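See below for the structure under consideration.
The values are calculated or read from the model by the stated rules, or taken from the named source; none is laboratory data. Predicted model only: the values in this text are computed from it and were never measured. Here the Cβ positions follow ideal geometry from the backbone for every residue, glycine too, while neighbour counts run over all protein chains shown.
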Amino acid sequence: MTLLTVWADDDPDIALVHTEDGDEIAAELKRLGVRFDRWPVVEGLPAEPTSDEVLAAYAEHVRRVVDTEGYVLVDALYLTPSDDPEWAAKAGEARQKFLAEHTHDDDEDRFFARGAGAFYLHVDGKVYAVLCEAGDLLSVPANTTHWFDMGTRPDYVAIRFFHDDEGWVGNFTGDRPADSFADFDTLVATR
């Protein structure tokens, strides 16, 4: 289940909200201008799917979002554990980059076709952690300060939507509040 946890940005020890109620999550996020939706999960994707395979599996839903929101670039990516000895180091390096607080000039829309990841939105003196799982679509509005945690053993397939051909471009703040708040692995354990 999707999980929303909210803290005051100066008190990471006391959760103000901790819920798996989909309606409550959607309502809380809507107040921030964040779009949250759920799609049926398509079973049978390969362990290491191509972008085309993922987009074909969700073609109807992707087309609806593109038509509604005007996206011009849509792709899919996966990150899955590997026996490659270099995998852990590469995954850890990618994780550290996304843990740095940043914004984007564009909306950041992600749909999780498999696995999970946590978006942390830093808005109006609060931190909103949204633990997204398979079937979740989250749209972080442009210029919203946030970070993303995929955990110490990332395993997910996600569809990404962009309004321009540049794709993912982060404007980093230099702050690391992620070091103070419950990380992905801790959120998963608290459900």
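Examine the range 95-117 for a residue that is outside any loop (DSSP other than H, G, I, E, B), touching a helix residue (DSSP H, G or I) at 6+ places or on another chain (Cβ under 6 Å) and within 30 Å of Ala56 (Cβ to Cβ), and state whether such a residue exists.
Looking through the range 95-117, at least one residue is outside any loop (DSSP other than H, G, I, E, B), touching a helix residue (DSSP H, G or I) at 6+ places or on another chain (Cβ under 6 Å) and within 30 Å of Ala56 (Cβ to Cβ).
Which one is farthest from the chain's Cα centre (by Cα), of the residues in the range 146-158 that are of a type outside the set (Gly, Ala, Ser), crowded, with 19+ Cβ neighbours inside 10 Å and part of a loop (DSSP other than H, G, I, E, B)?
Across the range 146-158, the extreme among qualifying residues is Pro154.
Where residues in the range 165-191 are assigned to a loop (DSSP other than H, G, I, E, B) and among the hydroxyl-bearing types (Ser, Thr, Tyr), which of them is nearest to Val123 (Cα to Cα)?
Ranking the candidates gives Thr173 first.
Can you tell me which residues in the range 63-86 are closer than 19 Å to Phe148 by Cα and either at pLDDT below 90 or of a type in the set (D, E, K, R) (or both)?
Answer for the range 63-86, where residues must be closer than 19 Å to Phe148 by Cα and either at pLDDT below 90 or of a type in the set (D, E, K, R) (or both): just Asp75.
Given the options Phe161, Phe184, Phe172, name the one that is buried (at least 22 other Cβ atoms within 10 Å of the Cβ) and over 26 Å from Val62 (Cα atoms).
Phe184
For the structure I just gave you, tell me whether Leu32 is of a type in the set (A, V, I, L, M, F, W, C) and over 16 Å from the mean Cα position of the chain (by Cα).
Considered against the rule, which asks whether it is of a type in the set (A, V, I, L, M, F, W, C) and over 16 Å from the mean Cα position of the chain (by Cα), Leu32 comes out as no.
Given the criterion in contact with a Phe, Trp or Tyr (Cβ under 8 Å, 6 or more places away or on another chain), touching a residue at least 60 places away in the same chain (Cβ under 8 Å), surrounded by 15 or more Cβ atoms within 10 Å (Cβ to Cβ) and under 24 Å from Ala47 (Cβ atoms), identify the matching residue among Leu131, Leu121.
Leu131
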